[in-house]
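Please treat every number below as a calculation from the coordinates, not as lab data. If you're wondering where the values come from, they're calculated on a predicted model, not measured in any experiment. Reconstructed Cβ throughout: ideal geometry from the backbone, glycine too, with neighbour counts over all protein chains shown.
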């Protein structure tokens, strides 16, 4: 009877995330990740045929973890709920990063830093599928907030992805914890950007997109 494997693929990826967060993707080598777990060098090759496979799985598992929570928040909002959903989405970027600082640090790099040029076709398809789901969700939210234009699409992406990530990046790259006010700041910035008059309208008055703020 074959002896059960001592180390799982997830354990190797966990170790790769730790190495990448601490010293960048270049630190994720097969021998370094095995050593991080105290595993024999050969054991990692039973789970990942090449370093590129390990890098691809490290990036994909991390970005999919973020996307799962983010898409759950964005959903398919009605016009009445769109403003609240937008604010919640901006907060989610920061909240997820606070809960998963090592994974968030990994995502401050890009897929190219994890050797995307040499990924297998299944890995490429998996990455594209995740990206398409997020882009589709943001496009739907943008259309719900205001008539679709290239400017409105860019504004939603800036407000709900780029600005919150910039806030996260500034602190994590400095080796500091996210401050207690970070979610509020991300939300307020998104609200201000998404409306010329600010999504936080006077109580009881219609918002700029026909939504009660």
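Nearest 0.05, what FRET efficiency do residue 166 and residue 43 give at R0 = 30 Å with Cβ-Cβ as r?
About 0.15, to the nearest 0.05.
Of 92, 103, 84, which has the largest mean-square fluctuation in a 10 Å C-alpha GNM of the chain?
Per the Cα network of the chain with a 10 Å cutoff, 84 tops the list.
Using the basic label-point model (7 angstrom from Cα toward the beta carbon), what is the residue 109 to residue 143 distance in nanometres?
Spacing of the two 7 Å Cα→Cβ label points: 3.6 nm.
What is the diffusion coefficient of the chain in µm²/s, taking the Kirkwood radius over Cα pairs and the Stokes-Einstein relation at 4 °C with a viscosity of 1.567 mPa s?
69 µm²/s
Mind checking the full-extension length gain between residue 31 and residue 76? Use 0.36 nm per residue of separation minus the Cα-Cα distance, one decimal, nm.
11.8 nm
How long is the gain from residue 181 to residue 151 if the chain were fully straight, where each residue apart is worth 0.36 nm and the alpha carbon distance is subtracted?
7.9 nm
Where is the GNM fluctuation largest for the chain (alpha-carbon springs, 10 angstrom cutoff): 45, 70, 109?
For the chain, modelled as a Gaussian network with Cα springs under 10 Å, the answer is 45.
With the crude spin-label approximation of a point 7 Å out along Cα→Cβ, what separation in nm comes out for residue 68 versus residue 192?
3.5 nm
If R0 is 25 Å, what FRET efficiency do you get for residue 132 and residue 173 from their C-beta distance, rounded to 0.05?
0.30
Would you calculate, for the chain, the mean residue ellipticity at 222 nm contributed by helices, counting each DSSP H stretch of 4 or more residues as -39,500 (n - 2.57) and dividing by all residues, to the nearest 500?
-19500 deg cm²/dmol
Calculate the length of the line joining the C-alpha centroid of region 115-135 to that of region 64-96, in whole Å.
If you average the Cα positions of each part, the centres end up 22 Å apart.
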